[in-house]
1. Among the residues in the range B:138-153, are any part of a helix (DSSP H, G or I), away from ligand 1 (no atom under 16 Å from the Cβ) and hydroxyl-bearing (Ser, Thr, Tyr)?
2. Among the residues of the range A:71-93, count how many are more than 14 Å from ligand 1 (Cβ to nearest atom) and surrounded by 18 or more Cβ atoms within 10 Å (Cβ to Cβ).
3. Tell me the helices (runs of 4 or more DSSP H) entirely within the range B:169-259 that contain at least 1 residues that are within 16 Å of ligand 1 (Cβ to nearest atom) and of a type in the set (Asp, Glu).
4. Given the conditions (1) crowded, with 22+ Cβ neighbours inside 10 Å; (2) closer than 27 Å to B:Leu314 by Cβ; (3) not hydrophobic (A, V, I, L, M, F, W, C), which single one is not true for B:Arg61?
5. Please determine whether any residue of the range A:270-278 is in a strand (DSSP E or B), within 14 Å of chain B (Cβ to nearest Cβ) and more than 27 Å from B:Asp337 (Cα to Cα).
6. Hey, could you check the range B:216-253 for residues that are more than 14 Å from chain A (Cβ to nearest Cβ) and out of contact with any helix residue (DSSP H, G or I) (no Cβ under 9 Å at 6 or more places or on another chain) and say which is nearest to ligand 2 (Cβ to nearest atom)?
7. Consider only pairs whose beta carbons are under 7 Å apart and that are at least six residues apart or on different chains; among these, list those whose first residue lies in the range B:110-134 and is on the phi < 0 side of the Ramachandran plot and touching a residue at least 24 places away in the same chain (Cβ under 8 Å) and whose second residue is of a type in the set (Phe, Trp, Tyr) and surrounded by 21 or more Cβ atoms within 10 Å (Cβ to Cβ).
8. Which condition number in (1) more than 9 Å from ligand 2 (Cβ to nearest atom); (2) within 13 Å of chain A (Cβ to nearest Cβ) is the one that B:Met188 fails?
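Bear in mind these aren't lab numbers, they're just calculated from the coordinates by the rules spelled out. These numbers come from a predicted model, not from an experiment. Neighbour counts are summed over all protein chains in view; Cβ atoms, including those assigned to glycine, are modelled from backbone coordinates with ideal geometry.
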Amino acid sequence: MPTLTLAKAITAGLRRSLDSDDRVLLLGEDIGALGGVFRVTDGLQRDFGADRVMDMPLAESGIIGTAIGLAMAGYRPVCEIQFDGFIYPAFDQIVSQLAKMHYRTGGTVRMPITIRVPYGGGIGAVEHHSESPEAYFAHTAGLRVVTCSNPQDAHTMIQQSIACDDPVMFFEPKRRYWTKGEVADVADPPGLGRARIVLPGIDVTVVTYGPLVATALEAAAAASADGVSIEVIDLRSLSPIDFDTVTDSVRRTGRLVITHEAQQSGGLGAEIAAVVTERCFDALRAAPVRVTGFDIPYPAASVEEHFLPDLDRLLDGVDRVLDRANSLSGWTA
Amino acid sequence: MSTIVTRPHRSDDLSDAERDFVQLVTPDGQRRPHPVFDPFLADVTPALIADLYEDLLVVRRIDAEATALQRQGELGLWPPVLGQEAAQVGSAHALRSDDFAFTSYRESAVAYCRGVKVADLLRIWRGTSHGAWDPYEVKIAVPAIVIGVQTLHATGYALGCQKKGSDTVAITYFGDGATSQGDVNEAMVFAASFRAPVVFFCQNNQWAISEPVGLQSHTRLSDRAPGFGIPSLRIDGNDVLAVLAATRMALDRARGGGGPTFIEAVTYRMGPHTTSDDPTRYRDKAELETWARRDPIDRIAAHLDSLGELTDALRARVTATCDAVAADLRAACLALDPPHPLTMFDNVYAHPHSGIDRQRSQFAAYLAMFEQPGTSPEAGA
Ligand SMILES: Cc1ncc(C[n+]2csc(CCOP(=O)(O)OP(=O)(O)O)c2C)c(N)n1
Ligand SMILES: [Mg+2]
């Protein structure tokens, strides 16, 4: 079993898909000779040719719009958006065209398109390079939205996404690109839409995804030293959300904390808190708590550590659901 | 195809080669007379050329110092101007003080010439602020990082000037890669529709990160604008006098109600895309060497020399200015401290917003847990 970084695990997965299916094409800015700004497509143009790994003109709407046409012509495009903040020029093509094509055509036209988006903060970048726009897409009917947190999932999920006949938004946690882990060819991997309990626990359920899975695991380790047992769930899929896994857990622990980097209002945390409250209200021993980015534009790099949920903020949220002393003790709603 | 397509500026005295590429100073420093563009340089004395020479060297020094600061960990990132100094300094010098520039991220030399303070050049790259400076004070919008967006802003600003009856002109700077974006093409449509007083200043530095200009366009970039009904010029972007003259011509046309002009300044990005980039992965050393021989500063120095103006006194003056600016820049950089974390909640809205106010005070309460009693800036919040 090779040990790969998360980035190289995606590279290996892309290579697999290119190898096994001639219809797979890679489209993006600087993905050829440069190998992408994060080198995720490194070597792929050399090995598969410029016909299949195509540097595209600098226009995101153009990339997604032409991918739609290529898909109609029978190809399976995998588009790279260079950074989260540069997806918006393609928003119309994704939300009004790609997402609705299958529905609009009564199921006649399939859109097997994967859109890879490095997302999230924590790398000290300038504006527009640290955003978490996943909620816009999870809000859009017709798109599947997934995100990986470790090299193994990155490797299998990218292949599953490319094999899927629905459009898949594939969010890559860029600050975890360099995380290493073993990558195997799993014979029977979990389905693309399935969540996973990455750490079992009994006192509190922490639901997260992407870059904050590692943070949640660190918080769980710190909490266990303090006698608190946290169960950590990696959602993996944000549309659909595997609510069975989440509600099973909450029924056992009675307490839920959701954490993501994205802004809070209208975010995934709101959806999860609402569904859990609807489905297991009786099992809840405390109101669900969200620990998220604030409802501000992603701030300048020198203060991003305050924007991003970290171990301390997450444990403060855990203290809230446990009714222990916390930053909002005595706070009146 | 001719690149000077507006009839009033079309001269039958020009050869095809000249129409296709405006160059007023040859790479070895010889000034070539030009019937169309010379009138725009009527006031250009040796003293003014010396000033341009000084600014070119100063902005190159700023670039070198900022690159060094990035290497030393004091800046997160820096996009070098190296090689494009003449395109930026020449065009910025053509602007009137009330004209308004809308640039991308690479135009630190334009910003410097507009009077932006050196500390302000660095804020966004040091990560202490998104807003670099007060745009109204220096008449230059904050840098646009999302490719191409600023061209529409310039067009709208120009429309505003037109509506108010002022003769202020907007100029927008963007790259060869940006010409592929929908926004840039829409900006040309809008500017042409309303004859907006805007100048489209495209620095064709041959590369968009790793993508050569040939991927963006199979024609000259200057040949695109006429399709939108916008006259264009293709100029030697490494010839500061050609840039000055062409930009003045375009500004004059806009000011006089003649509408937009597109200028393709042909130049070269001598450095990496940014300090994070590794151009050895995608471009040839030979290409770099060819362009090194067309250096914009060597050229104007040779020209000054041919005029007998490259004196020891001038050299000494320029060196002193460069040293002073570099020292200022370094000191200003090191003095830029991270803002207080609670300031990240400021200015999201112009009016109070209950959601933000609540998050701000809750975060203040959170921060207070980590502070000694009494030291919280939000004590009691
Ligand atoms: C909408 C958008 N997509 C992608 C990027 C990433 N990116 C930053 S600079 C750049 C290349 C720009 O090339 P060009 O317009 O020629 O300007 P230059 O960098 O050469 O000055 C790219 C693709 C971006 N900033 N914005
Ligand atoms: Mg360029």
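1. Start the filter on the range B:138-153 by keeping residues that are part of a helix (DSSP H, G or I), which leaves B:138, B:149-153.
Narrowing further to those that are away from ligand 1 (no atom under 16 Å from the Cβ): B:138.
Subset that is hydroxyl-bearing (Ser, Thr, Tyr): none.
No: zero hits.
2. Residues that pass the stated criteria total 5.
3. Numbers: elements: B:182-194, B:213-216, B:240-255.
Helices (runs of 4 or more DSSP H) meeting the threshold: B:182-194.
4. B:Arg61 satisfies every listed condition except (1).
5. For the range A:270-278, residues in a strand (DSSP E or B), within 14 Å of chain B (Cβ to nearest Cβ) and more than 27 Å from B:Asp337 (Cα to Cα): absent.
6. Of the range B:216-253, the ones more than 14 Å from chain A (Cβ to nearest Cβ) are B:220, B:222-223, B:225-253.
After this cut, where a residue has to be out of contact with any helix residue (DSSP H, G or I) (no Cβ under 9 Å at 6 or more places or on another chain) as well, the list is B:223, B:226.
Numbers: B:Asp223: 17, B:Pro226: 21 Å.
Residue satisfying both the conditions and the ranking: B:Asp223.
7. Sorted first by the residue in the range B:110-134, then by its partner, the pairs are B:Val110/B:Tyr173; B:Val116/B:Trp133; B:Leu121/B:Tyr112; B:Trp125/B:Trp78.
8. Going through the list (1) more than 9 Å from ligand 2 (Cβ to nearest atom); (2) within 13 Å of chain A (Cβ to nearest Cβ), B:Met188 breaks only (2).
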